[in-house]
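Here's the structure, in structure tokens; my notes come after.
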2 protein chains.
Amino acid sequence: MALVVQKYGGSSVADAEGLRRVARRVVATREAGHDVAVVVSAMGDTTDDLLDLTRHITDRPTARELDILLTAGERIAMSLLAMAIHEYGQPAASFTGVQAGLRTNDEYGRARIIEVSPDRIRQTLADGAVAIVAGFQGGSPEDDVTTLGRGGSDTTAVALAAALGADACEVLTDVDGMFSADPRMVPTARQLPVLSTEEALELSAHGAKVLHLRSVEYARRHGVPLHVRSSFTDLPGTWVTDDERVVARSRPETHPTQEDAMEEPLVRGLAHSRDQATVTVVNVPDVPGRAAAIFSVLSDAVTALDMIGQTHTASDTGVIDFSFALPLEDARRAATALREQQTDLGFTRVSVEERVAKLSIVGSGMRSSPEVPARLFDALSGEGITVHLISTSEIRMSVVVDESQLERAALAVHTAFDLDLELDADGIPLDGSPRALAHAGSGR
Amino acid sequence: MALVVQKYGGSSVADAEGLRRVARRVVATREAGHDVAVVVSAMGDTTDDLLDLTRHITDRPTARELDILLTAGERIAMSLLAMAIHEYGQPAASFTGVQAGLRTNDEYGRARIIEVSPDRIRQTLADGAVAIVAGFQGGSPEDDVTTLGRGGSDTTAVALAAALGADACEVLTDVDGMFSADPRMVPTARQLPVLSTEEALELSAHGAKVLHLRSVEYARRHGVPLHVRSSFTDLPGTWVTDDERVVARSRPETHPTQEDAMEEPLVRGLAHSRDQATVTVVNVPDVPGRAAAIFSVLSDAVTALDMIGQTHTASDTGVIDFSFALPLEDARRAATALREQQTDLGFTRVSVEERVAKLSIVGSGMRSSPEVPARLFDALSGEGITVHLISTSEIRMSVVVDESQLERAALAVHTAFDLDLELDADGIPLDGSPRALAHAGSGR
């Protein structure tokens with residue numbers, strides 16, 4: 001018997017039928033002998049509908065009031081889910097973030113969790129009932145309602161799992177787990193049975209959309225094993241954990257042989273993100289403090305800078321080009337901010353290249369392997385693909401390529417790092433994997 | 001400068017335009033120098049929509065979960081209203097029932113208020129902001145969400161006004177106040193500038209739908225002056241209070257002359273309710289304890305018994321007929337319950353007469369006036385109307401008549417007690433009253 005926190009997203013509880021399906025799954029987990037705490041998002045488009053209503057009232061909603069408003073969706077979903085679980089014969093009780101003991105600071109709209117004291121949840125589980133908790137919300141020190149921002153329900157689930165000392169935090173979603181690439185782009189992508197938290201962080205940060213970065217960070221810090229799996233099937237999904245015992249447990253059912261699992265691949269998977277742009281600041285005088293001045297302007301204009309490149313166009317000209325990649329909207333803002341300071345900064349022009357995309361490869365095995373860049377560039381040049389920018393971390397390499405060449409690049413790189421699942425002529429995996437790719441997609 | 005609690009119903013905040021209209025009114029009250037706490041209901045059909053959703057999940061919703069669910073509507077309305085008030089330049093903050101300090105017992109669905117500790121509301125008002133409170137809801141001793149049942153938002157407003165020591169509790173609605181009869185039935189009905197709490201209680205209990213009985217009871221017990229008025233106009237409405245100072249203040253602007261106001265009319269107004277039925281238990285043996293046995297069966301079957309009549313059909317037969325009037329659904333349930341016990345109770349049959357209605361006259365002046373019954377029966381018999389049952393209280397007389405004769409009865413009785421407003425040929429009041437009857441209706 002284990003204690004499991006299950007998190008269901010808005011698409012899983014979009015309507016009454018979805019709520020009933022989730023209820024049946026919760027009840028099945030309960031009947032298998034486990035204690036279950038459920039974290040639930042708002043039903044389908046509820047939150048968007050509420051935002052829509054807000055726009056009819058004001059363009060500048062008060063942050064505190066907006067948070068009160070937006071948490072109504074989870075409150076509706078959680079109480080209906082409790083009723084549905086009741087209907088299947090299991091006792092259940094639902095709790096708001098405040099009632100569940102989720103204390104945050106008072107940064108409305110993106111509150112940080114300060115403390116989780118889930119006394120009522122513990123009591124509910126001890127009483128043999130299912131505890132349902134509204135995702136995405138908490139209470140400020142002043143007892144006001146706060147929201148945790150994007151991916152908030154995942155974070156609620158992980159934080160609750162950490163506070164309860166749960167054996168696992170299951171993130172139930174509409175895909176089968178995390179894949180070696182987005183299966184809609186790379187048909188031979190394979191599902192990944194296990195990822196280290198570091199790998200999951202890099203994949204999430206660079207385009208895989210299944211898990212929110214923040215919840216992975218939280219899980220890593222608190223040692224919560226995450227299990228990303230489909231809410232439509234009972235198949236195992238992807239475990240995200242550094243806990244060797246969980247890794248070992250997850251292997252037998254996901255890998256045909258123990259030996260397979262022991263091979264540490266160079267690259268675990270690919271992530272991509274579209275709608276990027278590169279910005280190049282041309283002919284920046286190479287004098288002390290000038291680069292700092294440029295990045296100071298940028299840090300005021302954009303939220304995150306990624307992939308910075310610096311090129312001495314010629315060593316004797318006394319000027320440098322700076323390039324960096326960032327999301328399209330940010331890139332436009334960055335260019336405007338730079339142009340406003342052009343006289344002070346002394347560069348000759350700013351060029352923005354749109355319609356580019358970022359492709360990243362991630363794997364703990366890259367750490368000590370000098371062959372990775374060679375194999376990557378080999379694969380890309382074999383397809384005649386130009387790389388605009390490169391950046392690397394310990395376990396990741398990212399390249400910026402033309403968006404039109406992204407798919408070709410992904411297919412070539414996926415093959416080059418031996419990630420392809422062998423398929424028969426009908427597209428069925430040759431390893432007998434029962435996984436349906438219908439719901440798959442690491443980019444969703 | 002006064003402290004005013006304003007309560008707006010669901011029809012006043014049905015959409016964004018309604019919310020903006022309410023916001024403008026709140027801001028106007030604030031700009032007139034008053035402190036304003038607002039109690040708001042759920043927007044339009046929100047609560048019905050949530051109930052509808054529930055029916056897709058279960059026929060037996062858990063009471064606790066249903067209360068959490070249903071309070072989402074007020075939470076949405078209150079935060080949007082706060083934003084709308086902001087938009088018109090006034091600071092405002094919204095609070096759930098729990099945040100506003102509304103403590104109740106844990107009878108979900110019909111919780112009773114135990115204590116109101118509106119510290120945060122007081123602080124908000126002291127800070128010069130408008131405080132908005134979600135109606136209809138409170139918190140149980142276990143910090144669970146509870147609802148107050150029908151008319152709950154009115155009760156929230158009155159309870160908050162009592163706890164804050166407010167100068168008035170304004171109930172803003174879609175009618176101009178309370179009338180001497182339902183103007184849709186009696187075109188000459190006049191708006192009532194003042195009612196005693198006792199009169200308002202009797203009118204509400206017997207069919208006037210503007211105020212909920214429970215909120216009037218609460219206001220009476222705590223000495224809160226109620227002001228029922230239209231949210232569409234600035235005209236004074238109907239004050240419900242026993243406070244002579246408020247009565248005196250309310251007179252000059254609502255009565256042409258001070259003298260008029262000093263006349264205590266015999267009857268203040270009429271109330272009616274349709275969908276009633278009379279139940280008659282025929283030939284009940286006149287032995288000790290038999291009547292008690294009958295009413296014991298009834299008290300298990302129905303929520304309220306009204307207008308009990310007892311007739312010795314003949315003094316020497318040793319049998320009695322009992323009659324009583326009650327709402328149609330209750331009557332059917334009562335008849336079934338009685339028939340199940342027919343052998344034990346020994347009566348010969350139960351007859352149910354549907355399609356009857358109840359007409360009541362109410363007025364403090366009736367207390368010491370023997371002429372009221374005479375005048376009432378004179379008016380009814382003049383129209384050839386048969387009375388099936390009668391009941392009286394100190395300040396009320398009610399009769400049950402055929403529903404088809406209700407309107408004629410109401411017109412005749414309204415005239416007989418000198419309640420008619422004099423109208424000119426176009427239906428415009430001759431006293432120059434500016435009141436539009438368009439929105440009027442004591443029966444709504």
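Can you spot a residue in the stretch A:381-396 that is part of a helix (DSSP H, G or I) and farther than 26 Å from A:V279 by Cβ? Among the residues of the stretch A:381-396, at least one is part of a helix (DSSP H, G or I) and farther than 26 Å from A:V279 by Cβ, which makes the answer yes. Contact annotation: residue pairs with Cβ atoms under 6 Å, 6 or more positions apart or on different chains, pairing a residue in the stretch A:114-137 that is in the same structural domain as A:I68 (by TED's automatic domain parsing) with a partner that is small (G, A, S) and in a helix (DSSP H, G or I), are A:V116/A:A159; A:V116/A:A163; A:P118/A:A163; A:I132/A:A82; A:G135/A:S153; A:F136/A:G152; A:F136/A:S153.
Looking at B:A16, B:A72, just one residue is surrounded by fewer than 20 Cβ atoms within 10 Å (Cβ to Cβ) and facing chain A (nearest Cβ under 8 Å), and that residue is B:A16.
Scanning the stretch B:131-150 for residues that are under 20 Å from the mean Cα position of the chain (by Cα) and assigned to a loop (DSSP other than H, G, I, E, B) turns up B:G135, B:F136, B:L148, B:G149, B:R150. Just wondering, is there one or more residues in the stretch A:163-179 that are surrounded by fewer than 19 Cβ atoms within 10 Å (Cβ to Cβ), modelled with pLDDT under 95 and closer than 23 Å to A:I361 by Cβ? The answer is no; no qualifying residue exists. Look at (1) part of a strand (DSSP E or B); (2) polar (S, T, N, Q); (3) within 8 Å of another protein chain (Cβ to nearest Cβ) and you find that A:T54 fails only one, number (1).
Taking into account only those residues within the stretch A:314-351 that are loosely packed, with under 15 Cβ neighbours inside 10 Å and β-branched (V, I, T), which is modelled with the lowest pLDDT? Going through the qualifying residues, I end up with A:T317. Check B:G44, B:G73, B:G97 and return the single one that is assigned to a loop (DSSP other than H, G, I, E, B) and either at pLDDT below 95 or in contact with a Cys (Cβ under 6 Å, 6 or more places away or on another chain) (or both). One residue alone meets the criteria, B:G44. Checked against the criteria, B:D59 does not count as charged (D, E, K, R), more than 22 Å from A:A100 (Cα to Cα), part of a helix (DSSP H, G or I) and within 11 Å of chain A (Cβ to nearest Cβ). Candidates in the stretch B:197-228 are the residues that are surrounded by fewer than 22 Cβ atoms within 10 Å (Cβ to Cβ) and of a type in the set (D, E, K, R); of these, the one that is farthest from the chain's Cα centre (by Cα) is B:R221. Which one of the conditions (1) modelled with pLDDT of 90 or more; (2) not in a strand (DSSP E or B) does A:R367 fail to meet, given that it meets all the rest? If we test A:R367 against (1) modelled with pLDDT of 90 or more; (2) not in a strand (DSSP E or B), just (1) comes out false.
All conditions but one from (1) farther than 25 Å from B:L201 by Cα; (2) modelled with pLDDT of 95 or more; (3) surrounded by fewer than 24 Cβ atoms within 10 Å (Cβ to Cβ) apply to B:E142; the one that does not is (2). Taking the conditions (1) modelled with pLDDT under 95; (2) within 27 Å of B:D144 (Cβ to Cβ); (3) assigned to a loop (DSSP other than H, G, I, E, B) in turn, A:Q90 satisfies each one other than (1).
Once the stretch B:34-51 is narrowed to residues that are crowded, with 21+ Cβ neighbours inside 10 Å and of a type outside the set (V, I, T), the residue that is nearest to the other protein chains (Cβ to nearest Cβ) is B:M43. Could you please let me know if A:R249 is modelled with pLDDT of 85 or more, of a type in the set (K, R) and more than 16 Å from A:Q191 (Cα to Cα)? Here the answer is no, as A:R249 does not meet what is asked. Select, from B:V13, B:V27, B:V5, B:V36, the only residue that is part of a helix (DSSP H, G or I), in contact (Cβ under 8 Å) with a residue 60 or more places away in the chain, in contact with a helix residue (DSSP H, G or I) (Cβ under 7 Å, 6 or more places away or on another chain) and of a type in the set (A, V, I, L, M). The match here is B:V27. Among the numbered conditions (1) surrounded by 23 or more Cβ atoms within 10 Å (Cβ to Cβ); (2) at the interface with chain A (Cβ under 8 Å from one of its Cβ atoms), the only one that B:Q137 does not meet is (2).
Considering the stretch B:75-91, the residues that are over 24 Å from B:D48 (Cα atoms) and more than 8 Å from chain A (Cβ to nearest Cβ) include one that is surrounded by the most Cβ atoms within 10 Å (Cβ to Cβ), namely B:I85. The single condition among (1) in contact (Cβ under 8 Å) with a residue 40 or more places away in the chain; (2) buried (at least 18 other Cβ atoms within 10 Å of the Cβ); (3) within 20 Å of A:V158 (Cβ to Cβ); (4) hydrophobic (A, V, I, L, M, F, W, C) that A:F95 does not satisfy is (1).
Looking at the stretch B:119-130 only, could you name the residues that are assigned to a loop (DSSP other than H, G, I, E, B) and either crowded, with 23+ Cβ neighbours inside 10 Å or within 12 Å of chain A (Cβ to nearest Cβ) (or both)? B:A129, the sole residue that qualifies. Does the stretch A:186-209 contain any residue that is within 30 Å of A:D426 (Cα to Cα) and free of Cβ contacts under 8 Å to residues at least 12 places away in the same chain? There is no residue in the stretch A:186-209 that is within 30 Å of A:D426 (Cα to Cα) and free of Cβ contacts under 8 Å to residues at least 12 places away in the same chain. Checking every residue in the stretch B:178-196 against the condition of being out of contact with any Leu (no Cβ under 6 Å at 6 or more places or on another chain), assigned to a helix (DSSP H, G or I) and either of a type in the set (F, W, Y) or assigned by TED's automatic domain parsing to the domain that holds B:S398 (or both) gives zero matches.
The values are calculated or read from the model by the stated rules, or taken from the named source; none is laboratory data. As the structure is a prediction and not an experimental result, all values here were calculated from the model. When we count neighbours, we look across all protein chains shown, and the Cβ atoms used for this are built from the backbone with ideal geometry, even at glycine.
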